[in-house]
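The values are calculated or read from the model by the stated rules, or taken from the named source; none is laboratory data. Small disclaimer: the values here were computed from a predicted structure and weren't measured. Every residue, glycine as well, gets a Cβ built from its backbone with ideal geometry; the counts of neighbours run over all protein chains shown.
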Amino acid sequence: MKQTLLEIFTWWQGQTMGTRFHTWRFGKKVGEDERGNVYYQNADGSRRWVIYNGPADASAIGPGWHGWMHHRVDVAPAGESYAPRSWQKPHQVNHTGTPLAYRPKGSLLSPAERPRVTGDYDAWVP
């Protein structure tokens, strides 16, 4: 019951009832990424969409799927054999605004103490 109500009234968590019906009626599953996001397209391939596993966040789509979603490549990453280069890092979701966000030394939200000011700066005095 809770999941049904969430699908009716929220769009930011997973899919809505309208998206579920549209996907059931017109969608053809293309693949799934390592985060559990499921990718679909319509019969002629002109429309492509994703059902997020969790909150709807565009940064949760990896670079390969991003290229496919924006019609930059015709073959989905699930349909090709791709091995990342040794220097490539794995894709990370954007953590801005979350507790996992980067907070450098001196940030107001950082638990670390602000570094001491050196003698190379003199405050302006009118």
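Overview of values
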item: The lone exception for residue 106 - which of (1) small (Gly, Ala, Ser); (2) surrounded by 11 or more Cβ atoms within 10 Å (Cβ to Cβ); (3) at pLDDT below 90; (4) in contact with a Pro (Cβ under 8 Å, 6 or more places away or on another chain) it fails; result: (2)
item: Residue pairs meeting the criteria (Cβ under 7 Å; at least 6 apart or on separate chains; first under 23 Å from residue 56 (Cα atoms) and hydrophobic (A, V, I, L, M, F, W, C), in region 74-100; second modelled with pLDDT of 90 or more and not in a loop (DSSP other than H, G, I, E, B)); result: 76/30; 76/31; 76/39; 76/68; 78/30; 78/31; 93/59; 93/60
item: Top-ranked residue in region 12-48 [being at pLDDT below 90 and touching a helix residue (DSSP H, G or I) at 6+ places or on another chain (Cβ under 8 Å); ranked as farthest from residue 90 (Cα to Cα)]; result: 17
